[in-house]
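Asker: Would you mind keeping the following structure in view while I ask a few things?
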Amino acid sequence: SPDKNVDRIVEEADKSTFRVVQHPFLNAGPCGHLVFSYGQDGRHVFYQGRVIEGADPETFVFFHQSYARDKHGVYGPTRRISDRTEQFRVLGGSYATDGFRYFYEDVIIDEPRFELMTSGYGFARTNTRVFRYGKVLDGVDAPTFEVYRPANETTRDKNHVYYRDRPIPGADPTTFEQISP
């Protein structure tokens with residue numbers, strides 16, 4: 001039977017100029033040649049078969065595993081997130097800023113007092129919210145949140161102790177101790 005992942009119809013694409021674009025950061029390693037998320041033709045850049053609105057195929061380049069830029073702006077995987085190309089910088093992991101807002105790939109974090117926490121584990125916070133890999137952790141008290149044991153995926157705030165981002169029932173954050181590594 002034919003491989004279902006090889007053939008994909010991209011209706012907006014001009015078949016005479018369409019080509020698969022290898023992502024230089026995601027297509028490394030022995031299986032990298034099997035990852036085909038991006039493509040382009042003479043008019044569009046595509047991500048997983050959908051047009052990335054406004055992306056210029058002539059100047060579109062990847063500069064990080066989560067970000068690309070062209071003459072118009074900076075892009076997460078699926079859309080333009082900023083037009084401040086000169087000010088855009090990656091902070092750590094896939095968190096970034098353009099000097100006004102913060103980002104995690106396509107997630108725009110438009111809140112004051114952004115703080116990247118414990119590099120390598122995906123945590124960040126603002127005054128009111130805590131994020132893990134760009135996703136808001138519901139019910140977490142941002143001002144008191146801390147990454148307690150990052151390698152063991154244990155965090156806490158004034159109300160709860162969390163394991164893998166879920167509260168541990170009955171655990172008291174003021175007396176909780178991890179007794180083995």
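Asker: In whole Hz, with x marking every Gly and Pro, tabulate ³J(HN,Hα) for region 138-150 from phi via Karplus 6.51 cos²θ - 1.76 cosθ + 1.60, θ = phi - 60°.
Answerer: 5, x, 8, 7, 4, x, 9, 5, 9, 8, 6, 9, x
Asker: Can you work out the FRET efficiency for the pair residue 72 and residue 165, with r the C-beta to C-beta distance and R0 = 30 Å, to the nearest 0.05? Numbers along the way, then the final one.
Answerer: On the way: r = 36 Å, r/R0 = 1.18.
Efficiency, from the Cβ-Cβ distance: 0.25.
Asker: May I pose another question? Given a cut-off of under 8 Å on Cα pairs at least six residues apart, what relative contact order in percent is computed for the chain? Walk me through the numbers before you get to the answer.
Answerer: Working: 318 pairs, mean separation 14.8, N = 181.
Averaging sequence separation for qualifying contacts and normalising by length gives 8 percent for the chain.
Asker: Follow-up. What residue among 79, 50, 69 shows peak mean-square fluctuation when the chain is described by a Gaussian network model with Cα springs under 10 Å?
Answerer: Its mean-square fluctuation being the largest, the pick is 50.
Asker: Also, I was wondering about something else. Quick one: 3J(HN,Hα) in Hz for region 38-52, Karplus 6.51/-1.76/1.60 with θ = phi - 60°, rounded, Gly and Pro as x.
Answerer: The phi angles translate into 10, x, 7, 10, x, 10, 9, 10, 10, 10, 6, x, 10, 5, 8 Hz.
Asker: I want to verify the translational diffusion coefficient of the chain in µm²/s; compute it with Stokes-Einstein, Rh as the Kirkwood radius over Cα pairs, at 4 °C and 1.567 mPa s.
Answerer: Values: Rh = 18.7 Å.
After rounding, the answer is 69 µm²/s.
Asker: Explain nothing, just the number: dipole magnitude of the chain about its Cα centre with +1 on each Lys and Arg Cβ and -1 on each Asp and Glu Cβ, in debye rounded to the nearest 20.
Answerer: Working: 23 positive and 26 negative charges, 34 e Å.
The dipole of the chain has a size of about 160 debye.
Asker: Another question, then. Under a 10 Å cutoff between Cα atoms, tell me which one of 11, 105, 58 has the largest fluctuation in the Gaussian network model of the chain.
Answerer: Its mean-square fluctuation being the largest, the pick is 11.
Every number in this text was worked out from the coordinates using simple rules, so none of it is lab data. Just so we're clear, the structure is a prediction, and the values are computed from it rather than from any experiment. A quick note on method: Cβ atoms are made from the backbone with ideal geometry, for glycine too, and the neighbour counts reach across all protein chains shown.
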